[in-house]
Every structure is written in structure tokens, then in C-alpha cells.
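The values are calculated or read from the model by the stated rules, or taken from the named source; none is laboratory data. Everything numeric here is computed off the predicted structure, so don't read it as measured data. When we count neighbours, we look across all protein chains shown, and the Cβ atoms used for this are built from the backbone with ideal geometry, even at glycine. In case anyone asks, the SASA skips ligands and DNA or RNA and just uses the protein heavy atoms, side chains included. Shrake-Rupley method; radii C 1.70, N 1.55, O 1.52, S 1.80 Å.
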Amino acid sequence: TKPLSMSDFAKEVNKPITEIIKYYFSQGMMLNQNTTLSDEQMGELALHFGFDFKKEQNLTKENIFEQFQTPDKPEDLKVRPPVVTIMGHVDHGKTTLLDSMHNSNVVSGEAGGITQAIGAYQVTSKSGKKITFIDTPGHEAFTEMRSRGANVTDIVILIVAADDGVMPQTEEAIDHAKQAGVPIIVFVNKMDKPGADPERVKTELMRHGILAEDFGGDVPFIYGSAKQKQGLEELQETILLIAELKDYKSNPNKFASGVVLEAHLDKSKGPVASVLVQHGTLNLRDVVIAGTTHGTIKDMENEVGKKQKTAIPSQPVLIIGLNEVPHAGDKFLVMNDEKVARSIAEAQLHQFVERERSNKQIFTLDSIKTHI
Ligand code: GDP
Ligand code: MG
């Protein structure tokens, strides 16, 4: 293996060296540009930065760094569905909205409560275009994913109940969306209720910097009822309009990479992870690494439990075959070499454990006190 210094590596993979130094700094390590990187470190960086590997070539421990892909050529990029997250205060109707859109989309009898398990699904709009919705288990998970560099969402739908107005978690959601720098669409829900006061919602949101078009801003406001299925089509068309303007694209012709949305241990299937493919195409039998876990994909299902052989960008799928349960927000990456995948997963695990330990021993306030 050709040892690479950090600066050579940065050149090789076309990343600013400061990004790499910053990454290690965030891991509690002070490395400089002359540090020689091991295969494991290079693999770890690949996972962190979401580098994809060239599909034509076989990955080996010897050529791992040569596999870091140069940026996609414009002609390789294909339009992908927008990935949307619904956020808002508890009881303002997130789940109802998701269910209403899903149910009106799924052929009856097809859905079997699996949406809960996968945490995401695709809806086909009236115009035939797809939208991927992610059901964030909570704002905390969203923040966690973002703090770990996993920007999964293209658009945030801010749902506000018309009879309740802006509440603490609405404010949190606004902060998250602003920090993520993604477009916001406001869905004013529960318009069917007698106490609905959409003007109040609009005014309250204005105070938080969310300006409706008729208030001189550019945030689309949709008024409807998740329960009565009102405004859903308009919501979908608005999402697709933004998607068209933003022109979300990705290269489907390479090894897949993306992010883990949810994962759990199934008694009979073992670790089950729902993942969102962000780049490339995921195939059955692919060797993947996800955070500190790894494995060969033995089975893949879509959100309605249908077996899949492949998954393309913006597609959420359940995968089976990982050796352990990964964490929500972990990045995954396909590497077609089991040994490399295992060694990187183990190196990451080792670092994770070290970090946990050192955090506890050195960096907590209590431990500092006991050391004084
Ligand atoms: P979540 O906590 O944001 O996921 O909110 P839910 O979707 O669980 O909704 C909370 C409650 O509000 C449930 O009882 C829903 O049936 C009700 N609800 C949701 N949307 C509407 C709506 O448009 N109109 C009315 N009247 N009730 C709604
Ligand atoms: Mg809910």
C-alpha cells in the first residue's frame, strides 16, 4: 500500500485539507498535513465525506484511495425525487399528514404497517413524479443526523395546527430548517376545526422570520386538513415546483452511499436498517459498511414490504445482512470487498470506543475535578 500524507490524500480526493483536519479535530485528534494516513483512516474519511467508489473497478486494500471518485460529470447526474421531512409541534398532525398521503397512494391491502418500520416512503404525485417523505422520529434525531453531517432533507414542511398556532416545537423546527438551509413550506393544518385561525398562524410565523408571499416573503403557505385530506395535492405540487427549481440530481451509476434512517434488531432477521440511498445504486449482495457495522445485503424491501433487487437515489429501503445494528444518522457506503469493509468498520468501532473512553476520562467536568 502506498502510504499517503494527509496533504497528498487531500489532493487525491479533491478535498480541502482544512476539511480533513477539522474532521479529525472534531474527533478529538490533532493531526496535521504531514500525518501519514492508514488504509483504515482513508476508509473512515471516505465514509465521513461520503465518497463513492468507481463501480467498474474492484476495491482492494491496495487501491482503496485510488478509488475515491473524482466529482461526477454533469452528464452522469440524473434527476432524483426530492427528500422531504415534516416537522412541527406534537399533535399538530405530522403522522396524520404522512398517513393521509401514503394511504391515498398505496393500493389498498398493500400497506401493512411497515411504514412505521422503515420511517420513510415515496409517494407518486398526480403528475406521476415521486416524492420521498422521511418520518423523523423526533427533532432530536434530526439534529443528531445534521450534527454528524448527514443532511438528508432537501425541503422541510413546517406543519402548524390552525387552532393552536406557533408552539415551542414549531420554533425548534424553524431553527432546524434554518440551520439546515433548506426551503420551508408551511402547511397550516386542521383548517376543518371551528377554532382555526390561519391569519394568527401567519402573523406568528412572521415574527419568526417565516414570511408568506402575501406578507412580502417567499415561503409557500398551504392551508388544509391532514385528516380530511384537504390541501394534500397542492402541497405535493408545491414540493415538486421547488424540486424543479432546485434541480436535485444524483449519479445513479456508481456504488451506493447514503444514510441510515432507523435500525433495530429483528428476532428472526437480525439487524434491520432502513437506509436512504443518496448516490449510486444499491444492489442485493453489495458489501456495505454503515457506521461501525458491515455486511452483505441479503435482503432488501421497499416501504410496503416488496422485495427489491436495487435501490436508486432518494429511494428508502430496508436492508438485512449487517452484522450489528447501526445508528440512525450513520452513513453507509458500498465497498465490494468484505475484508476492507470489515477492517474499516472495526477501525471505526475502535475509535468510537476510544473516544467514548477518553471523553469520560479526560473531558467531562467531573473527571477534571477529580484530577485537580
Ligand atoms: P403528530 O403528533 O404531529 O404526529 O400529530 P398526529 O398526526 O398524531 O395528530 C394529533 C391529533 O390531531 C390526532 O387526534 C389527529 O386525528 C388530529 N388531527 C390531525 N390532523 C387533523 C386535521 O386536519 N383536522 C382535525 N380535526 N384533526 C386532525
Ligand atoms: Mg406523530
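Over the stretch 251-329, give the accessible area per residue in Å² for a 1.4 Å probe, as an integer.
On a per-residue basis, the stretch 251-329 sits at 37 Å².
Choose one of GLN228, ALA196, VAL156: the residue whose Cα lies farthest towards the positive end of the charge dipole of the stretch 152-232 (beta-carbon charges +1 Lys, Arg; -1 Asp, Glu; about the Cα centre).
Towards the positive end, the residue furthest out is GLN228.
Express the Stokes-Einstein translational diffusion coefficient of the stretch 207-268 in µm² s⁻¹, to the nearest whole number, given a Kirkwood radius over alpha-carbon pairs, 10 °C and a viscosity of 1.306 mPa s.
Roughly 100 µm²/s, to the nearest whole number.
Amide H to amide H, which residues 5 or more places from ALA120 or on other chains are under 5 Å from it, using H placed in the peptide plane?
Placed amide hydrogens put ASP135 under 5 Å from ALA120.
Could you size up the charge dipole of the stretch 120-273 around its Cα centre, putting +1 on the beta carbon of Lys and Arg and -1 on that of Asp and Glu, and report it in debye to the nearest 20?
Approximately 660 debye in magnitude.
Could you tell me which of the pairs LYS254/LYS309; LYS130/LYS246; LYS15/LYS246; LYS129/LYS249; LYS249/LYS298 are separated by over 18 angstrom between their Cα atoms in the structure shown?
LYS15/LYS246; LYS249/LYS298
Which of the peptides 315-325, 9-19 is most tightly packed, and how do the rest follow, going by the mean number of other Cβ atoms within 10 Å of each residue?
315-325, 9-19
Can you give the Rg/Rh ratio of the stretch 203-343, where Rg is from the C-alpha atoms and Rh is the Kirkwood radius?
Rg divided by Rh gives 1.12.
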